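For reference, the structure is listed below as structure tokens.
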Amino acid sequence: MKGREEIYVVSEDKDLITFCEDNPRFIQIDSLSKLLDLYNAHDEDRSKFIKDYIEEHEEEIKQTIKSLIEDADAYNSSTWEDAEVDEFSILGVGDFDPSIIHIDDESCQIVCDVEVNYRVSVTGPDYANGRYDREDDVIYTFEDTTQIEDGKLEFTVEIDLSYEVDDGEFTIQNMDISVQGLSGGIEFSVEETPYEDYR
């Protein structure tokens, strides 16, 4: 019966969430990837195998994510002029909730958002101890200074799995992991004088 059909609403808008809570026919979902995951879950055997496989290989996946991010270029984007990233490292990769956005007889595509903790070292001119020249309206610096900062970043990760199914048995052929947005480098924003110093 048409009057009993359920309607999925993809939104994180608070008013729409409240509306959906008050109207059971409307089901609120945070993102398109979650909707696709729900749609693809109808193939229970494949979906369960894939999610179990991802869970069993979570540490390996996290290690690959860490390596991919650490291999990316990095730059400092802040008001600290001419400051450059010396190095950075990923201290930890958070847990993730995989969504299957495509699935067929031979492969599937999974996406998830992952939060990572980082430590970055940035070196630039020591303006705080520089000398201001009124005539030229510039600050002359004589030394460099380094700031080390910890923080968090979020990335979208895609996992492509290819497999064979023989008599109900799954055999993984390949797992390819990619972190989106690394080609342009990772943007950090480290200032010469940390924010806490102004308090």
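The values are calculated or read from the model by the stated rules, or taken from the named source; none is laboratory data. Just so you know, these numbers come straight off a predicted model, no measurement behind them. Quick reminder, even Gly has a Cβ in these numbers, built from the backbone with ideal geometry, and neighbours come from all protein chains shown. For the accessible areas, the whole protein counts, side chains as well, though only heavy atoms, and no ligand, DNA or RNA atoms are used. Shrake-Rupley method; radii C 1.70, N 1.55, O 1.52, S 1.80 Å.
Can we say Asp95 is closer than 18 Å to Asp52 by Cβ and modelled with pLDDT of 90 or more? If you could, list the steps in order and put the result at the bottom.
Values: closer than 18 Å to Asp52 by Cβ: yes; modelled with pLDDT of 90 or more: yes.
Yes; evaluated as a whole, the condition is true for this residue.
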Q.
Val157 - would you say it is under 26 Å from Asp97 (Cβ atoms), surrounded by 15 or more Cβ atoms within 10 Å (Cβ to Cβ) and at pLDDT 90 or above?
A. yes
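Within the range 103-114, identify whether any single residue is assigned to a strand (DSSP E or B), touching a His at 6+ places or on another chain (Cβ under 8 Å) and not hydroxyl-bearing (Ser, Thr, Tyr), and answer yes or no.
First, the residues of the range 103-114 that are assigned to a strand (DSSP E or B): 103, 107-114.
Keeping just the survivors that are touching a His at 6+ places or on another chain (Cβ under 8 Å) gives 108-109.
If we keep only those that are not hydroxyl-bearing (Ser, Thr, Tyr) too, we end up with 108-109.
Scanning the range 103-114 turns up at least one residue that is assigned to a strand (DSSP E or B), touching a His at 6+ places or on another chain (Cβ under 8 Å) and not hydroxyl-bearing (Ser, Thr, Tyr).
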Q: Kindly provide the set of residues from the range 126-150 that are in contact with an Asp or Glu (Cβ under 8 Å, 6 or more places away or on another chain), open to solvent by less than 40 Å² (accessible area, probe 1.4 Å) and acidic (Asp, Glu), ordered by number.
A: Asp126
Q: Identify, by number, the condition in (1) open to solvent by 60 Å² or more (accessible area, probe 1.4 Å); (2) touching a residue at least 24 places away in the same chain (Cβ under 8 Å); (3) of a type outside the set (Ser, Thr, Tyr) that Phe188 doesn't meet.
A: (1)
Q. Within the set of pairs 6+ apart or on separate chains, which have a first residue in the range 124-135 that is in contact (Cβ under 8 Å) with a residue 12 or more places away in the chain, a second that is of a type in the set (Gly, Ala, Ser), and C-beta atoms under 6 Å apart?
A. Gly124/Ala83
**Q.** Test: Glu154 is assigned to a strand (DSSP E or B), of a type in the set (D, E, K, R) and under 16 Å from the mean Cα position of the chain (by Cα)
**A.** yes
Q: Quick one: which strands (runs of 3 or more DSSP E) lie wholly within the range 1-77 and hold at least 2 residues that are modelled with pLDDT under 65 and over 25 Å from the mean Cα position of the chain (by Cα)?
A: 7-10
Q | Residue under evaluation Asp86, criteria (1) modelled with pLDDT of 95 or more; (2) open to solvent by less than 30 Å² (accessible area, probe 1.4 Å); (3) out of contact with any Leu (no Cβ under 6 Å at 6 or more places or on another chain), criterion not met | A | (2)
Q: Tell me, please, whether a residue that is at pLDDT below 85 and either at positive phi or surrounded by 15 or more Cβ atoms within 10 Å (Cβ to Cβ) (or both) can be found in the range 170-185.
A: yes
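What are the residues in the range 107-125 that are farther than 17 Å from Asp52 by Cα, open to solvent by 20 Å² or more (accessible area, probe 1.4 Å) and touching a Ser or Thr at 6+ places or on another chain (Cβ under 9 Å), if any? Spell out the reasoning first.
In the first step, residues of the range 107-125 are kept if they are farther than 17 Å from Asp52 by Cα; the result is 113-125.
This time we only want the ones that are open to solvent by 20 Å² or more (accessible area, probe 1.4 Å), so: 113, 115, 117-119, 123.
Correct list: Asp113, Tyr118, Arg119, Thr123.
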Q: Starting from the range 162-182, take each residue that is without any contact (Cβ under 8 Å) to a residue 24 or more places away in the chain and list its partners that are among the β-branched types (Val, Ile, Thr), counting only C-beta distances under 9 angstrom and pairs at least six apart or across chains.
A: Thr171/Val165; Asp176/Ile159
